[in-house]
Every structure is written in structure tokens, then in C-alpha cells.
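The values are calculated or read from the model by the stated rules, or taken from the named source; none is laboratory data. None of the values given here were measured: they were computed from a predicted structure. Positions of Cβ are generated from backbone atoms using ideal geometry, with glycine treated the same way; all protein chains shown enter the neighbour counts.
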Amino acid sequence: MTLAVHTARIGHRDPDVLDVTRKSAGPDGIAFAPSWAILRPALDALRCAETMRSAADTPPFPEADPVRYAEGAEAMRRAAETVRGSTWALYSAAYLAEMRESYRTQRAAWDALLSRERVVLVCYCTDHERCHRTLLARDILPRLGARYEGEVSRG
């Protein structure tokens, strides 16, 4: 039997849901949740990037030179995306390292997950392409014999 792995946003209604968040995972899902040590800095950096992007979309004052403002705003948007990309690179590497350690130290949780027929991994992230649930489903579990089936729509 091969584990079929799906991902979805928290709140998805499915009998096979497994919460893999640090905030609300139960005993079955906590082994797959990122630690606060990697979550807090990543969330802080993403908030900073969002503030930068938001500032780029809001002129500082009505009499601003529109050409100079547009150039500055575009530079701010690029900087925000650089922060997002760098944050994701660091976060994903740290999460993969944590999951290697989790596999060694919490093997019973991994074996229990891998023995299931189907699972829908859920967390709070809005962008599933930059989310630990997708790293777990697409990059980690298939190396252990599972099959990634993709993100499912809200249900």
C-alpha cells in the first residue's frame, strides 16, 4: 500500500486531514511541524517584506514626483521579493534539516503516517508553493515511498 499525500489549507474538511502546524497540531502531526526557532524569524521577515510591498503601493504624499515615485516603488517591490525569496530558501533548508532529525528521533510518528492509505496535510500558509506542508508532501514523503497527489481545493 502506497500513501497518497495531498495538501490543503487549514480548515479543509476531509476525514484524512493531518494538521502539521506548530500552533495547533495534535500528537500525530507535531513531528512534522516546523519549530518556533525557524518559524519566528521567517514570519518576521515575511511581515517586513509585506510592509515594503505595501509601502511601494502607497504614495508617501500627494505632491510626490510621479516618475521618481514609480522608480522607487518598483525598487521597493523588487527588494520585498528578494526578502521573500531569501526567507524561503533559508526556511526550507532549516525545515528539511529539522525533518531529518524528526525522522531519527520520532520514527514512530513517521511510520504511523507512512502506514496510512491517504493523508491531507494542512497548515495555515496561504501560498502552498512556499509552505512546509508541500515540502513534506512533495519532497520528503515520496523519498520514503509515498505518492504526492497535489494541493486540494477547499472542502
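Residues being over 20 Å from Arg130 (Cβ atoms), in contact with a Lys or Arg (Cβ under 9 Å, 6 or more places away or on another chain) and at pLDDT below 90 are entirely absent from region 24-32.
Of the residues examined, Met1 is one that is surrounded by fewer than 18 Cβ atoms within 10 Å (Cβ to Cβ) and closer than 30 Å to Arg147 by Cα. Consider region 96-118 and keep the residues that are within 17 Å of the chain's Cα centre (by Cα) and in contact (Cβ under 8 Å) with a residue 60 or more places away in the chain. The one that is surrounded by the most Cβ atoms within 10 Å (Cβ to Cβ) is Met99. Condition check for Pro60 on (1) in contact with a Phe, Trp or Tyr (Cβ under 9 Å, 6 or more places away or on another chain); (2) at pLDDT 95 or above; (3) not small (Gly, Ala, Ser): one failure, at (2). Within region 24-48, the set of residues being crowded, with 17+ Cβ neighbours inside 10 Å and either among the basic types (Lys, Arg) or assigned to a helix (DSSP H, G or I) (or both) comprises Ala31, Phe32, Ile38, Leu39, Ala42, Ala45, Leu46.
Specify which of the listed residues (Thr51, Thr21) is polar (S, T, N, Q), within 22 Å of the chain's Cα centre (by Cα) and surrounded by 14 or more Cβ atoms within 10 Å (Cβ to Cβ).
When all the criteria are applied, what remains is Thr21.
Among the residues of region 65-73, is there at least one that is assigned to a loop (DSSP other than H, G, I, E, B), free of Cβ contacts under 8 Å to residues at least 12 places away in the same chain and surrounded by fewer than 18 Cβ atoms within 10 Å (Cβ to Cβ)? Yes; the residues of region 65-73 include at least one that is assigned to a loop (DSSP other than H, G, I, E, B), free of Cβ contacts under 8 Å to residues at least 12 places away in the same chain and surrounded by fewer than 18 Cβ atoms within 10 Å (Cβ to Cβ). For Tyr148, the conditions (1) within 11 Å of the chain's Cα centre (by Cα); (2) assigned to a strand (DSSP E or B); (3) hydroxyl-bearing (Ser, Thr, Tyr) all hold with the exception of (1). The residues of region 124-149 that are surrounded by 16 or more Cβ atoms within 10 Å (Cβ to Cβ), out of contact with any strand residue (DSSP E or B) (no Cβ under 7 Å at 6 or more places or on another chain) and under 17 Å from Leu39 (Cβ atoms), listed by number, are Cys125, Arg130, Leu135. Are any residues in region 21-37 within 18 Å of Thr126 (Cα to Cα), touching an Asp or Glu at 6+ places or on another chain (Cβ under 7 Å) and in contact (Cβ under 8 Å) with a residue 24 or more places away in the chain, and if so, which ones? Listed by number, the list holds a single entry, Pro34.
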